[in-house]
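J.: Pasting a structure here, questions to come.
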């Protein structure tokens, strides 16, 4: 009877671990309880071996997919059937289940029995071992509980599959219903709340957003958030587009006087200006790339040119903070003119840093330095620039070939004796002369209601910084 099934196409289910094999029956051995398939397929993929042999105890279920031929037996009346080529198919619903020889059914063996597959090597193979046998254990029992093999624990089952086998892309793609999936994604299937929500709104398609786009509705940005009663004649804008108007010096002076009445004294302004300007200077000098413990032999040198007025006191405060951060500071301040009390106090504190102070331009370095900070200008006395010590200091700065940072320079159409690369304004910018200098704005800590007291509608443009660049629109 075993020979009656030769040439039939069958599907053999060996469980989850070994999977499903399909192929044409090439031999059935009653004595050894084995069945062999030629040109087999394993889980839909063509096996590299021409023939695979199964033991009856390994088989969970056996189905006939197609009977290729039957053998005529006397008295049976059976004839030969036409042969057809075999391809893996899903015709399981039309197949017949049969019992295995010697009463071994497809579902009668225990799940704990070992599974053994005998694979026949190809004819003429150079492998001297001949047929190979791969044995894999399932659910072995140890100490009363299930134990998995090392491969199962690390990689799962099926580690003996041939990874070089060609994958049937067309057959696998045919199992994927793209139309149904995309219909569900687009919300046309009616199964998701999102689709029901948009269908209720008249089949409105949901709006898509970029990864960097805010999905929350926000009020439109007002870029002119600062308005002044007296305009200085020039507008600036920040990196984010906020408009910062310039103010005349008279309005700026009233603003500082109002801040002093509310407790923002001159000493506090000098300290804030010194901190912010020194932080900007440290950035211009190279920041962490220059000022490191391993770079003490290349300390940057900064020369401060200060006058005997409030602007000079701001420069001395900046020099003190730079010296505290390891910068070699040289302070130029003439001693033959009368100095304000604020300048005297700042110089007394600066002397505690051990940095150098000179009163003559002849004592300044001849070689170029890293940075020159200009604080020579005075808003109250514009004629100061005509004095000889002022002109000598300005000429030295222009000939030193070092970049210049001017802190709170003179306003209006006055000519700038010192050509500055950067200009730092305080609070609100003043109407500076037309130069190629880059304008920066410093936050000196004036509260919002103090601006309102002098008629300025103010909203801080600084954001998370204390010094921001200003651009000409």
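The values are calculated or read from the model by the stated rules, or taken from the named source; none is laboratory data. Everything numeric in this text was worked out from a predicted model, so none of it was measured. Here Cβ is always computed from backbone atoms with ideal geometry, including for glycine, and neighbour counts include all displayed protein chains.
J.: Which of the following residues is buried (at least 20 other Cβ atoms within 10 Å of the Cβ) and without any contact (Cβ under 8 Å) to a residue 60 or more places away in the chain: 433, 420? I'd like the intermediate steps shown before the answer.
T.: Values: 433 fails: buried (at least 20 other Cβ atoms within 10 Å of the Cβ).
Residue meeting the stated conditions: 420.
J.: Taking region 343-365, which residues are more than 48 Å from the chain's Cα centre (by Cα) and not in a helix (DSSP H, G or I)?
T.: Listed by number, the residues that qualify are 357, 358, 359, 360, 364.
J.: Kindly provide the set of residues from region 236-251 that are out of contact with any strand residue (DSSP E or B) (no Cβ under 8 Å at 6 or more places or on another chain), buried (at least 17 other Cβ atoms within 10 Å of the Cβ) and under 20 Å from residue 466 (Cβ atoms), ordered by number.
T.: If the condition is that a residue be out of contact with any strand residue (DSSP E or B) (no Cβ under 8 Å at 6 or more places or on another chain), buried (at least 17 other Cβ atoms within 10 Å of the Cβ) and under 20 Å from residue 466 (Cβ atoms), then 242, 247 are the ones that fit.
J.: On to the next question. Would you confirm, using the coordinates I've provided, whether residue 23 is at pLDDT 80 or above and in a loop (DSSP other than H, G, I, E, B)?
T.: no
J.: Still on this structure, please answer the following. Name the single residue that is surrounded by the fewest Cβ atoms within 10 Å (Cβ to Cβ) among those in region 366-380 being in a loop (DSSP other than H, G, I, E, B) and under 47 Å from the mean Cα position of the chain (by Cα).
T.: 367
J.: Just to check your reading of the model, which residue among 385, 392 is in contact with a helix residue (DSSP H, G or I) (Cβ under 6 Å, 6 or more places away or on another chain), in a helix (DSSP H, G or I), touching a residue at least 12 places away in the same chain (Cβ under 8 Å) and surrounded by 15 or more Cβ atoms within 10 Å (Cβ to Cβ)? Give the derivation first.
T.: Working: 385 fails: in contact with a helix residue (DSSP H, G or I) (Cβ under 6 Å, 6 or more places away or on another chain).
Only one candidate qualifies: 392.
J.: Name the residues in region 445-473 that are crowded, with 19+ Cβ neighbours inside 10 Å, in a loop (DSSP other than H, G, I, E, B) and either more than 34 Å from the chain's Cα centre (by Cα) or not assigned by TED's automatic domain parsing to the domain that holds residue 282 (or both), would you?
T.: 446, 454, 456, 458
J.: Got at least one residue in region 20-33 being closer than 20 Å to residue 165 by Cα, touching a strand residue (DSSP E or B) at 6+ places or on another chain (Cβ under 9 Å) and surrounded by fewer than 17 Cβ atoms within 10 Å (Cβ to Cβ)?
T.: Taking every residue of region 20-33 in turn, none turns out to be closer than 20 Å to residue 165 by Cα, touching a strand residue (DSSP E or B) at 6+ places or on another chain (Cβ under 9 Å) and surrounded by fewer than 17 Cβ atoms within 10 Å (Cβ to Cβ).
J.: If I filter region 254-264 for residues that are within 33 Å of the chain's Cα centre (by Cα) and assigned to a helix (DSSP H, G or I), do I get at least one hit?
T.: Checked against the condition, which is being within 33 Å of the chain's Cα centre (by Cα) and assigned to a helix (DSSP H, G or I), region 254-264 yields no hits at all.
J.: Then there is this: Kindly indicate which of 218, 195, 180 is at pLDDT 80 or above and either more than 17 Å from residue 441 (Cα to Cα) or loosely packed, with under 10 Cβ neighbours inside 10 Å (or both).
T.: After applying the criteria, what remains is 180.
J.: Conditions first: (1) farther than 27 Å from residue 334 by Cα; (2) over 36 Å from the mean Cα position of the chain (by Cα). Residue 420 passes all but one, so which condition is the exception?
T.: (1)
J.: Turning to a different aspect of this structure: Looking at region 341-382, which of its residues are touching a residue at least 60 places away in the same chain (Cβ under 8 Å) and under 19 Å from residue 299 (Cβ atoms)?
T.: 364, 365, 369, 370, 371, 372, 373 - these are the residues of region 341-382 that are touching a residue at least 60 places away in the same chain (Cβ under 8 Å) and under 19 Å from residue 299 (Cβ atoms).
J.: Do you know which residues across region 274-300 are in a loop (DSSP other than H, G, I, E, B) and either in contact (Cβ under 8 Å) with a residue 12 or more places away in the chain or touching a helix residue (DSSP H, G or I) at 6+ places or on another chain (Cβ under 7 Å) (or both)? Break it down into steps so the answer makes sense when it comes.
T.: So the first thing to find is which residues in region 274-300 are in a loop (DSSP other than H, G, I, E, B), and the list is 285-286, 290-292, 299-300.
Selection gives 285, 286, 291, 299, 300.
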